[in-house]
Each structure stands twice: as structure tokens, then as C-alpha cells.
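Nothing in this text is a laboratory measurement; each read-out follows from the coordinates by a stated rule. This is a predicted model, so every value here is computed, not measured. All Cβ positions, glycine included, derive from the backbone under ideal geometry; neighbour counts span all protein chains shown.
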């Protein structure tokens, strides 16, 4: 009986660790570009837009894990980035980000599952 309880407890603990459907400490963020700032792929990667979002990231104890220059440029006036914090949970990071008026949205970096593709050509010659 003790062994069964131990196994069930172990299974519960392991499944809880893998149950999170997002990466802990990360958030996908959409920033409002300040007036007069031209949002281009280059400015998001290593220019003024990058400096702007880096300042916001640092203010909430995070860093830029990735910036999405092409998507940002296509939006025209928004800057998209993935932020990561080693000191805050995802929930804390999002809460702190949403307090900034230049943050339009912040959401967890959700895990995506790839569905297997069946080979429709199987058996054909």
C-alpha cells in the first residue's frame, strides 16, 4: 500500500511539472511604438525600437529573449518581442508589464504541439 501511494504521489508531482502549457518566466509582448519612432526590422533588431523595449524589459526585471523585426515592421506602429525573467514567474512578469501604458498586450509563451502527419503516399508506387 505504501508503495502504491508513493507511486501515485510521484506520478502526480511529475505530471504537474509537465502540465504547464507555457514557458515559465516568459511573455510574448506587443508594445506601442512611441510617436515619431519608425518601426523597421533593423530598428527592432538593433536600433531605437530595440532600446525602447529594452528599457521597459529592464524596468520589470526581464530581458529581451527575441524580437520580431519583420512582424513589427509589418504592423507599422507596434513592436513584438519575447521577454524572459529569471526572477519572476510568468504571472508576475505579465502583471508588471501590463502596468506600463506602452504595453498593449502580454501573454504567456505557450507551448505548441506538432501533430503527426500521415503519409498519404504509403502503398502507392
Taking only Cα atoms of region 22-110, radius of gyration then Dmax in Å
11.8, 35
Estimated D of region 29-73 in µm² per second, where Rh is the Kirkwood radius over Cα pairs and Stokes-Einstein applies at 10 °C, 1.306 mPa s:
151 µm²/s
Classify region 72-113 as rounded, prolate or oblate from the Cα gyration tensor: take a ≥ b ≥ c as the square roots of its eigenvalues, call it rounded if a/c is under 1.5, otherwise prolate when a/b beats b/c and oblate if not.
oblate
Averaging sequence separations of C-alpha pairs under 8 Å and six or more residues apart, then dividing by the length of region 22-110, give the relative contact order as a whole percent.
46 percent
Full-extension gain in nm, residue 37 to residue 22, via 0.36 nm per residue minus C-alpha separation:
2.2 nm
Inter-probe distance in nm under a simple model that places probes 7 Å from Cα toward Cβ, at residue 75 and residue 113:
2.9 nm
